Amino acid sequence: MIIGVPKEIKNNENRVGTTPSGVIELVRNGHTVYVQTSAGEGSGFADEDYVKAGATILPSIEEVYAIADMIIKVKEPIASEYNLIKDNQLLFTYFHFASYEPLTNAMIERNAVCLAYETVEKADRSLPLLVPMSEVAGRMSIQEGAKYLEKPLKGRGILLGGVPGVRPAKVLILGGGVVGTNAAKIAAGMGADVTIMDTNLARLRYLDDIMPANVNTFMSNEYNIRELLPTHDLIIGAVLIPGAKAPHLITRDMLKEMRPGTVLVDVAVDQGGCIETCKPTTHENPTFIIDDVVHYCVANMPGAVPYTSTLALNNATMPYAIQLANKGWKKACAENEELRKGLNVVNGKVVYKGVAEAFNLPYTPVENVL
């Protein structure tokens, strides 16, 4: 199979779809890999590294899309890429379709085969291609939140861990999954007073067992959220419904219950966000303020640490990419249920129920396209 790795062109996105080590594995399996020039530079990989691994460097994104049977990316195609996508071309990347209707419609029109990292799902319902970036984003959410609590950045002017004789900041984490767990680890390690909320009592029991003493668990519901908002300094939105739009756990009217300078970090913003007032921002302009509350809503948080993120993502995606290249997407998805669940849009049909429901589009069972 001919595989293309274009340079990411989303604002301040420095990750790359595969590393030189990934190229070596693909070439070893008999495939041809084309990489756009400077695609890996942001992650610390030079063109020469890819050439040594067996790839061919192409000068433009247009040439990469034109030659490839499968495109391996990190982020969803943006508008300038839509017309580059060929009929029946396989795109293996993050899509988050349910949060952006124009992208969904464009992929339907291009007759593409869209296999989304975020909906590849194991039998235990874990999301193996989302986990590494969720780990990065969860840890970064505290790092960024602590920074924006500083007064010059319009926060409350509170140090996350406090100092002897002064109470630490209070951190509220909505969601006890991978993002929330990693956020809690870092916040606790910095000395904050942490509360993590979830609707799953079994998950709360598990977190209560493994977390240090400065992490408390609390059942998530509207009453409890409203009760905690006025006393917390940093609030992390870490709620995910695979392939579907995230629910709004914090609504616009709740902002008035928070103290001026409270910081909101919505890690779920690329899936629609779990904070109603959060809209996607970029690393260039990461925050905005509504009702004196600082909103940090960067949709590609791991893009700020591309070396770590690219390596972590490549570790997870490469075994699946090799299956797709070796067998072709139809056979690979027919034989591997995890990959099959990653199919979202195939040849003009929406085959993932959460995406169809988000935009009232016709739904086609995935078995009908294999």
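What follows draws every value from the coordinates through simple rules; no lab data is involved. What you see is a predicted model, and the numbers here were worked out from it, not measured in a lab. Ideal geometry is used to build each Cβ from the backbone, glycine not excepted, and the neighbour counts take in all protein chains shown.
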The set of cysteines in the chain having no other cysteine's C-beta under 4.7 Å reads CYS114, CYS274, CYS333
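Considering only Cα-Cα distances, which of the following residue pairs are longer than 22 Å: LYS73/LYS327; LYS10/LYS147; LYS245/LYS349; LYS75/LYS185; LYS151/LYS256; LYS122/LYS331?
Numbers: LYS73/LYS327 19 Å; LYS10/LYS147 24 Å; LYS245/LYS349 19 Å; LYS75/LYS185 27 Å; LYS151/LYS256 20 Å; LYS122/LYS331 18 Å.
In this structure, LYS10/LYS147; LYS75/LYS185 exceed 22 Å between Cα atoms.
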Expected max-MSF residue from THR317, THR251, THR217 in the GNM of the chain (alpha carbon, under 10 Å) is THR251
Cα shape, the range 194-271, gyration tensor, a/c 1.5 rule: oblate
What nm distance separates the two modelled labels at ASN336 and THR282, each placed 7 Å from Cα along Cα→Cβ? 3.4 nm
Rounded to whole Å and sorted largest first, list the principal axis extents of the Cα atoms in the range 15-144. 37, 36, 32
The range 232-284: mean projected area of Cα convex hull, nm²: 3.9 nm²
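Assuming R0 = 41 Å, can you tell me the calculated FRET efficiency for the pair ASN224 and LEU153, based on Cβ-Cβ distance, to the nearest 0.05?
E(calc), rounded to 0.05, equals 0.90.
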Given labels modelled 7 Å from the Cα in the Cβ direction, how far is it in nm from ASP292 to ASP253? 2.1 nm
Cα centroid separation, the range 347-370 to the range 188-232 (Å): 36 Å
What aspartates and glutamates sit close enough to LYS52 to cross-link, taking a C-alpha to C-alpha distance under 18 Å and skipping anything fewer than 8 places away on the same chain? GLU25, GLU41
Under the helix-only model (-39500 (n - 2.57) for each DSSP H run of 4 or more, divided by the residues of the chain), the mean residue ellipticity at 222 nm, to 500 deg cm²/dmol, is -9500 deg cm²/dmol
Show me, bin by bin at 10 Å from 0, the whole-percent P(r) of the range 93-232 based on Cα pairs. 11, 32, 31, 18, 8, 1, 0
Most mobile of ASN300, ASN182, ASN88 per a Gaussian network model of the chain (Cα springs, under 10 Å)? ASN88
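When the Kirkwood hydrodynamic radius is evaluated over all pairs of different C-alpha atoms of the range 244-345, what value in angstrom, to one decimal, is obtained? Don't jump to the answer; show the numbers that get you there.
Values: mean 1/r = 0.0615 Å⁻¹.
Here the Kirkwood hydrodynamic radius works out to 16.3 Å.
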For the chain, set up a GNM with springs between Cα atoms under 10 Å and report which of ASN315, ASN111, ASN224 has the largest fluctuation. ASN224
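With N set to the number of residues, divide the alpha-carbon radius of gyration of the range 112-191 by 2.2 N^0.38 Å and report two decimals.
Details: Rg = 16.3 Å, N = 80, 2.2 N^0.38 = 11.6 Å.
Relative to the 2.2 N^0.38 Å estimate, the range 112-191 comes out at 1.41.
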Percent of Cα-Cα pairs per 20 Å bin, from 0 to the last occupied bin, for the chain, please list those. 30, 54, 16, 0
Tail fraction, Cα-Cα pairs, the range 155-300, threshold 19 Å, whole percent: 49 percent
Over the chain, relative contact order from alpha-carbon pairs under 8 Å, at least 6 apart, %: 18 percent
VAL33 long-range amide H proximity, modeled H, under 5 Å: ILE3, THR56
Take the cross-link list LYS330/LYS353; LYS7/LYS279; LYS7/LYS341 and give me the ones stretching past 21 Å between alpha-carbons. LYS7/LYS279; LYS7/LYS341
